[in-house]
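The values are calculated or read from the model by the stated rules, or taken from the named source; none is laboratory data. Note that the structure is a prediction, hence the values are computed from the model and not measured. As a convention, Cβ positions derive from the backbone with ideal geometry for all residues, glycine included, and neighbour counts pool all protein chains shown. Each accessible area value is taken on the protein alone, full model and side chains, heavy atoms only, with ligands, DNA and RNA left out. Shrake-Rupley method; radii C 1.70, N 1.55, O 1.52, S 1.80 Å.
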Amino acid sequence: IVPDFTVQLVNNKPELSLNSRNAPPLIVSDDYKLMLKEYEHSKKQDKAQKEAILFIKQKIDSAKWFIDMIKQRQQTLLLTMNAIMQHQESFFLSGEATMLRPMILKDIAEKTALDVSTVSRVANSKYVQTEFGTFLLKYFFSESLTTDAGEEVSTKEVKAILQELLEAEDKHKPFSDDELTEQLQEKGYNIARRTVAKYREQLNVPVARLRKQL
């Protein structure tokens, strides 16, 4: 994977940069500009000459349009990633999944004034290199749950806590989904057993009887 963005910590602040692969220096060749000037200032202006002038002008205009589209694309990428970085600043400072805040495509679309479909395309195809690894932008998006205290937390935070519980369990007596649900509820997460089972499956962890070690 070649990341499209890099987020580095500078004086304990995340700083964003676009990979040079996505920011190539593009210019219109001076040879064509010079050629156009020579044709335009030529004393001989026959039909072939006029057609050549028109042809070169069209090609230069097309090149300028292409460069503008590339710049616009780069601005869209930076705008989207910058909004994600600001929303998930705690993660970019710590690398802890439990620090991820709830965030959906609509949140970033509203912050950037971009269409949800545009944000979705960026999130599903671009990667960012951080101090803690390289991530698909989609990783930073998740729905929310409400705790007993009324606080909204990311479902990724709940999955991270669930992962910790599974890793720390007694392998001779692994937790059932009911027990995992009780433990999460004790920590203040309002979550149903079926949701715990779904998250466990998403973590690629089998049921308790298949995790039991003799």
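Within region 122-161, the residues that satisfy the criterion of being part of a loop (DSSP other than H, G, I, E, B) and open to solvent by 50 Å² or more (accessible area, probe 1.4 Å) are Glu131, Phe132, Glu143, Asp148, Ala149, Gly150, Glu151. Taking region 102-122 as the range and being closer than 12 Å to Met81 by Cβ and in contact (Cβ under 8 Å) with a residue 40 or more places away in the chain as the test, only Val122 passes. Taking the criterion of being open to solvent by 30 Å² or more (accessible area, probe 1.4 Å) and either at pLDDT 95 or above or acidic (Asp, Glu) (or both), the residues of region 162-172 that qualify are Glu164, Glu167, Asp170.
Can you find a residue in region 173-189 that is open to solvent by 50 Å² or more (accessible area, probe 1.4 Å), in contact (Cβ under 8 Å) with a residue 24 or more places away in the chain and of a type in the set (Lys, Arg)? Checked against the condition, which is being open to solvent by 50 Å² or more (accessible area, probe 1.4 Å), in contact (Cβ under 8 Å) with a residue 24 or more places away in the chain and of a type in the set (Lys, Arg), region 173-189 yields at least one hit.
Residues that are exposed (fewer than 13 other Cβ atoms within 10 Å of the Cβ) and aliphatic (A, V, I, L, M) were ranked within region 10-60; the one that is modelled with the highest pLDDT is Val10. Screening Val196, Val205 for residues that are farther than 17 Å from Gln88 by Cβ and assigned to a helix (DSSP H, G or I) leaves exactly one candidate, Val196.
Pairs are defined by a Cβ separation below 9 Å, a sequence spacing of at least 6 or placement on different chains, a first member in region 198-214 that is at pLDDT below 95, and a second member that is open to solvent by 100 Å² or more (accessible area, probe 1.4 Å) and not in a helix (DSSP H, G or I); the pairs so defined are Ala208/Lys173; Lys212/His172; Lys212/Lys173; Gln213/His172; Leu214/His172.
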